[in-house]
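The values are calculated or read from the model by the stated rules, or taken from the named source; none is laboratory data. All values derive from a computational prediction rather than experimental measurement. When we count neighbours, we look across all protein chains shown, and the Cβ atoms used for this are built from the backbone with ideal geometry, even at glycine. For accessibility, only protein heavy atoms count, side chains too; no ligands or nucleic acids. Shrake-Rupley method; radii C 1.70, N 1.55, O 1.52, S 1.80 Å.
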Amino acid sequence: MTTTRNHGRIFTITVVLAAAALILILSLTALNRGSEITPAAGPAGGNAGDGIEITSTDGKALTVPSTRPTVLYFMASWCYTCVPQAEAMEELEQEYAGKADFVAVDVTPENTKTQVDQFRELAGNPGYPFVVDRTGALTQKYAVMSLDSTVVVAPDGEVLGRADSRPMTADALKTFLDTALS
């Protein structure tokens, strides 16, 4: 009887571990997508400052990070919990105009301009650029594992601040940015 019980426990533990391993592998595969980062010429030619060249949904070429600190907001156009922070960024964009560039990064590679524009409309049509991370380059470079994540990157590539899985109101975002940019 004890032997049967032990075999049952071992089997259950094995199944749970296999399921956890499968979930981990699928999650990492979804975020990695086998992409290559396209480096842009950095100021010192070093890897830390190398940027990623990407095109906004409006057709504008961007390099992340730019010549100013860049506030990257990782979201998805289907994510309704992402709308409030997109609105908060629009509210603060003018206040930080000379201090930082804002970019919303849609992490769903198959999203279209129409889908991103629908999200943008829900967020009050902010003026900052939206990009679709089709290759996963930005998501991979900044090790983003969840939506509603914000990463502030210095022009040399150093991460000045990050808030993972934390949608922020305008007040919370202002406090976060003031700390990251000081």
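Would you mind listing the strands (runs of 3 or more DSSP E) fully within segment 56-124 where at least 3 residues are buried (at least 20 other Cβ atoms within 10 Å of the Cβ) and in contact with a helix residue (DSSP H, G or I) (Cβ under 6 Å, 6 or more places away or on another chain)? So that I can check it myself, show each step before the final result.
Working: elements: 61-64, 70-75, 101-106.
Those strands (runs of 3 or more DSSP E) span 101-106.
Do any residues in segment 154-171 that are over 16 Å from Val103 (Cα atoms) have Cβ atoms under 7 Å from those of residues that are crowded, with 17+ Cβ neighbours inside 10 Å and among the charged types (D, E, K, R), where the two are at least six apart or on different chains, and which pairs are they?
Between residues of segment 154-171 that are over 16 Å from Val103 (Cα atoms) and residues that are crowded, with 17+ Cβ neighbours inside 10 Å and among the charged types (D, E, K, R), the close pairs are Ser165/Asp148; Arg166/Asp148.
Collect the residues in segment 59-68 that are in contact with a strand residue (DSSP E or B) (Cβ under 6 Å, 6 or more places away or on another chain) and in contact (Cβ under 8 Å) with a residue 40 or more places away in the chain, keeping them in residue-number order.
Passing the criteria: Leu62, Val64, Pro65, Ser66, Arg68.
Let's see how each residue does on (1) β-branched (Val, Ile, Thr); (2) at negative phi; (3) in contact with a Ser or Thr (Cβ under 9 Å, 6 or more places away or on another chain):
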position: Val105; (1), (2), (3): yes, yes, yes
position: Val151; (1), (2), (3): yes, yes, yes
position: Gly157; (1), (2), (3): no, no, no
position: Asp178; (1), (2), (3): no, yes, no
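Among residues belonging to segment 150-182 that are assigned to a loop (DSSP other than H, G, I, E, B) and of a type in the set (S, T, N, Q), point out the one that is least open to solvent (accessible area, probe 1.4 Å). Steps first, answer last, please.
In the first step, residues of segment 150-182 are kept if they are assigned to a loop (DSSP other than H, G, I, E, B); the result is 154-158, 164-169, 182.
From what's left, of a type in the set (S, T, N, Q): 165, 169, 182.
On the way: Ser165: 67, Thr169: 91, Ser182: 120 Å².
Once the filter is applied, the top-ranked residue is Ser165.
What are the pairs, 6+ residues apart or on separate chains, where a residue within segment 84-99 that is of a type in the set (Ser, Thr, Tyr) has its Cβ under 8 Å from a residue that is part of a helix (DSSP H, G or I)?
Within 8 Å, the pairs are Tyr96/Leu177; Tyr96/Leu181.
From the list Asp106, Asp133, which residue is of a type in the set (D, E, K, R) and closer than 25 Å to Asp178 by Cα? Break it down stepwise before answering.
Details: Asp133 fails: closer than 25 Å to Asp178 by Cα.
Every option except Asp106 fails the conditions.
Out of contact with any Phe, Trp or Tyr (no Cβ under 7 Å at 6 or more places or on another chain), at pLDDT 95 or above and part of a helix (DSSP H, G or I): does that describe Leu22?
On the way: out of contact with any Phe, Trp or Tyr (no Cβ under 7 Å at 6 or more places or on another chain): yes; at pLDDT 95 or above: no; part of a helix (DSSP H, G or I): yes.
Judged against the criteria, Leu22 is not a match.
Among the residues of segment 129-149, how many are at negative phi, in contact with a Leu (Cβ under 9 Å, 6 or more places away or on another chain) and in a loop (DSSP other than H, G, I, E, B)? Give the derivation first.
From segment 129-149, those at negative phi are 129-135, 137-142, 144-147, 149; that's our starting set.
Among the residues that remain, those that are also in contact with a Leu (Cβ under 9 Å, 6 or more places away or on another chain) are: 129, 131, 138-140, 142, 144-145, 149.
This time we only want the ones that are in a loop (DSSP other than H, G, I, E, B), so: 129, 142, 144-145.
Here the count works out to 4.
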